[in-house]
Structure formats: C-alpha cells, structure tokens
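Notes for the one structure printed next.
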Amino acid sequence: MHQLTIYDISAYKVAQDLIQWHGEDAILEAAGQADRNRACGNDQLFLHWRAVEHAIQILQLEDPVGELH
C-alpha cells in the first residue's frame with residue numbers, strides 16, 4: 001500500500017506552488033529538480049524534491065483514498 005501522508009510542510013507548500021504554476025506537469029518539474037540535484041551529488045535537495053514529488057502525487061489524486069482527518 002502506498003503511503004498517503006505528507007510529512008514535510010515545506011514540500012507541501014512547494015508542491016502547491018508547482019501545481020499552481022505548472023498544472024499537471026508539476027510532477028515532471030519536481031522529478032527534474034530531483035534528478036538534477038542527484039546528479040550534482042546534493043543528497044539533501046534530492047530528498048526534498050522527491051518529497052515534493054510525493055506531495056504532488058497525493059495532491060493530484062482525484063478521489064480520496066483512505067481515512068481523511
């Protein structure tokens with residue numbers, strides 16, 4: 001089962017901004033940023049952008065999944 005929790009508030013905020021600016025392509029932008037940071041050896045930013053990518057996936061779900069609190 002996939003984890004449907006966003007733990008990082010900064011990743012959530014960046015995800016919201018990317019969705020606003022890029023729409024459905026927001027996830028591609030986040031993945032590109034993660035890949036660029038990984039290639040540069042910046043592990044901390046790589047993990048941040050992967051968290052943003054995960055947050056975008058959750059925010060773009062059309063139907064609620066699991067329990068909502």
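Values as computed for the structure displayed
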read-out: Degrees separating the helix 43-59 axis from the principal Cα axis of the chain, which is the longest one; value: 30
read-out: LEU47-ASP17 pseudo-label distance in nm [points 7 Å out on the Cα-to-Cβ vector]; value: 2.1
read-out: Cα→Cβ-extended label distance, 7 Å offset, between GLN57 and CYS40, nm; value: 2.4
read-out: Size of electric dipole in the chain: Cβ of Lys, Arg +1 and of Asp, Glu -1, about Cα centre, debye, nearest 20; value: 300
read-out: Relative packing of peptides 43-56, 6-19 - highest average C-beta neighbours within 10 Å first; value: 43-56, 6-19
read-out: Nearest-ten-degree value, helix 9-22 long axis tilted from longest Cα axis of the chain; value: 90
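Throughout, read-outs are computed from the coordinates displayed, never taken from laboratory work. Just so you know, these numbers come straight off a predicted model, no measurement behind them. Cβ sites come from the backbone with ideal geometry, for glycine too, and all protein chains shown count toward neighbours.
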